[in-house]
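Student: Here it is: the structure, laid out below.
The values are calculated or read from the model by the stated rules, or taken from the named source; none is laboratory data. Small disclaimer: the values here were computed from a predicted structure and weren't measured. In this analysis, Cβ positions are derived from the backbone assuming ideal geometry, glycine residues included, and neighbour counts consider all displayed protein chains.
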Amino acid sequence: MSDLLDWSMSVVEGVQALEEGIFKVFDGVPRMIDEKAPLNLPGAWVSLIGGRLALQFGLIAEYATLEQLALRFTGFDLVNEIDVTDAITEVANIVGGVAKRSMISHDPLLTSGLPIFLFGRLVVPSQVDQALIEVPSSAGNVYFATLVQKDA
Amino acid sequence: MRILIADDSRAMRMIVVRQLRQAGFEDAEFIEAADGAEALAKAREHSPNLIVSDWNMPEVNGLEFLRQLRASGDDTVFGFVTSEGTPDMIQLARSNGASFLIAKPFTPETFRDTLNAVGVEL
């Protein structure tokens, strides 16, 4: 669980880093919450696999919230479904990238895959540990979920 | 000046173009490609003065794009703008002929300072 906690703290750093650059998409303070991830929500997922860590990391929210985030991220006046999936996978990739860079000294082999966008319910094995970060926003709550296979 | 932007995200290509315009390249001609294979073809077709590429892309990724470009004898100034950016990747980028690697999220100042540092002139 320590690695999961370290990862989650790195994700918080990633969200904060996003706000310091040109990608101001959130307007709330990220906080870790002790709840199961709302996996019925759509969003973008990135796999990260290393020598110590193997996890799925996702940015999920109600679709209307994702649309608002995409509008902020792109600066477009209107976004279609392709724009939303494109922008949200990119935001997840950026936050995950910051977290990965922060964790690389713990796990030098950590490698990320290409992000994917899922509209439907994510089916996960029962034996997973979860960590959830909530970012309250005027566009609606945004969640960063991390799923890690429990040790056998 | 012609600048080739390679990124599988249309949103990110647009953001990079916007940043480059704000950094003083408002008169540049921008050429876009959605993966390394398309970027390689457009680099050969348009002979850009600067190439800015993502690292992770489908089909041909950014590193392979750079390797193929250099193998063909093309020495266009090439830099990565990527969510990657671990020390190993920076070393790999340099050893394959990249001039810079900007990790996302970036600021406009990062973009401007990096391009100035590698001698890309307006």
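Student: So for region B:8-16 (the condition being within 24 Å of residue B:107 (Cα to Cα), of a type in the set (Asp, Glu) and under 11 Å from the mean Cα position of the chain (by Cα)), does at least one residue qualify?
Tutor: no
Student: Let me ask something else about it. How about region A:67-90: which of its residues are facing chain B (nearest Cβ under 9 Å) and either in a helix (DSSP H, G or I) or in contact with a strand residue (DSSP E or B) (Cβ under 8 Å, 6 or more places away or on another chain) (or both)?
Tutor: Those that are facing chain B (nearest Cβ under 9 Å) and either in a helix (DSSP H, G or I) or in contact with a strand residue (DSSP E or B) (Cβ under 8 Å, 6 or more places away or on another chain) (or both): A:70, A:73, A:74, A:82, A:83, A:86, A:87, A:89, A:90.
Student: On to the next question. Please go through region B:79-120 and give me each residue that is hydroxyl-bearing (Ser, Thr, Tyr), outside any helix (DSSP H, G or I) and closer than 18 Å to residue B:22 by Cβ, ordered by number. Please lay out each step first, then the result.
Tutor: Taking region B:79-120 and keeping what is hydroxyl-bearing (Ser, Thr, Tyr), we get B:82-83, B:86, B:95, B:99, B:107, B:110, B:114.
Narrowing the set further to residues that are outside any helix (DSSP H, G or I) leaves B:82-83, B:86, B:99, B:107.
Answer for region B:79-120, where residues must be hydroxyl-bearing (Ser, Thr, Tyr), outside any helix (DSSP H, G or I) and closer than 18 Å to residue B:22 by Cβ: just B:107.
Student: For region B:52-78, give me each residue that is under 24 Å from residue A:111 (Cβ atoms) and not in a loop (DSSP other than H, G, I, E, B).
Tutor: Hits for region B:52-78 are B:52, B:53, B:62, B:63, B:64, B:65, B:66, B:67, B:68, B:69, B:70, B:78.
Student: Scan region A:20-62 residue by residue and report those that are of a type in the set (Lys, Arg) and closer than 14 Å to residue A:133 by Cα. Step through it out loud before you land on a result.
Tutor: Looking only at region A:20-62, we keep the residues that are of a type in the set (Lys, Arg), and these are A:24, A:31, A:36, A:52.
Matches in region A:20-62: A:31, A:36.
Student: Taking the stated definitions as given, is residue B:23 over 24 Å from residue A:91 (Cβ atoms) and either in a loop (DSSP other than H, G, I, E, B) or within 14 Å of chain A (Cβ to nearest Cβ) (or both)?
Tutor: Considered against the rule, which asks whether it is over 24 Å from residue A:91 (Cβ atoms) and either in a loop (DSSP other than H, G, I, E, B) or within 14 Å of chain A (Cβ to nearest Cβ) (or both), residue B:23 comes out as no.
Student: State whether the residues of region A:22-41 include one that is part of a helix (DSSP H, G or I), modelled with pLDDT under 90 and over 20 Å from residue A:147 (Cβ atoms).
Tutor: Checking region A:22-41: not a single residue is part of a helix (DSSP H, G or I), modelled with pLDDT under 90 and over 20 Å from residue A:147 (Cβ atoms).
Student: In region B:26-49, how many are more than 14 Å from chain A (Cβ to nearest Cβ), in a strand (DSSP E or B) and touching a Lys or Arg at 6+ places or on another chain (Cβ under 7 Å)?
Tutor: Narrowing region B:26-49 to residues more than 14 Å from chain A (Cβ to nearest Cβ): B:26-31, B:33, B:37-49.
Still in the running and in a strand (DSSP E or B): B:29-31, B:33.
Going one step further and asking which of them are touching a Lys or Arg at 6+ places or on another chain (Cβ under 7 Å), we end up with B:29, B:31, B:33.
Looking only at that region, the number is 3.
Student: If the requirement is being free of Cβ contacts under 8 Å to residues at least 60 places away in the same chain, more than 14 Å from every other protein chain (Cβ to nearest Cβ) and more than 30 Å from residue A:106 (Cβ to Cβ), which of these qualifies: B:116, B:96?
Tutor: After ruling out the rest, the residue left standing is B:116.
Student: Could you list, in sequence order, all residues of region A:94-125 that are in a loop (DSSP other than H, G, I, E, B) and either surrounded by 14 or more Cβ atoms within 10 Å (Cβ to Cβ) or within 11 Å of chain B (Cβ to nearest Cβ) (or both)?
Tutor: The first filter runs over region A:94-125 and keeps only residues in a loop (DSSP other than H, G, I, E, B), leaving A:104-110, A:113-115, A:119-125.
If the condition is that a residue be in a loop (DSSP other than H, G, I, E, B) and either surrounded by 14 or more Cβ atoms within 10 Å (Cβ to Cβ) or within 11 Å of chain B (Cβ to nearest Cβ) (or both), then A:104, A:105, A:106, A:107, A:108, A:109, A:110, A:113, A:114, A:115, A:122, A:124 are the ones that fit.
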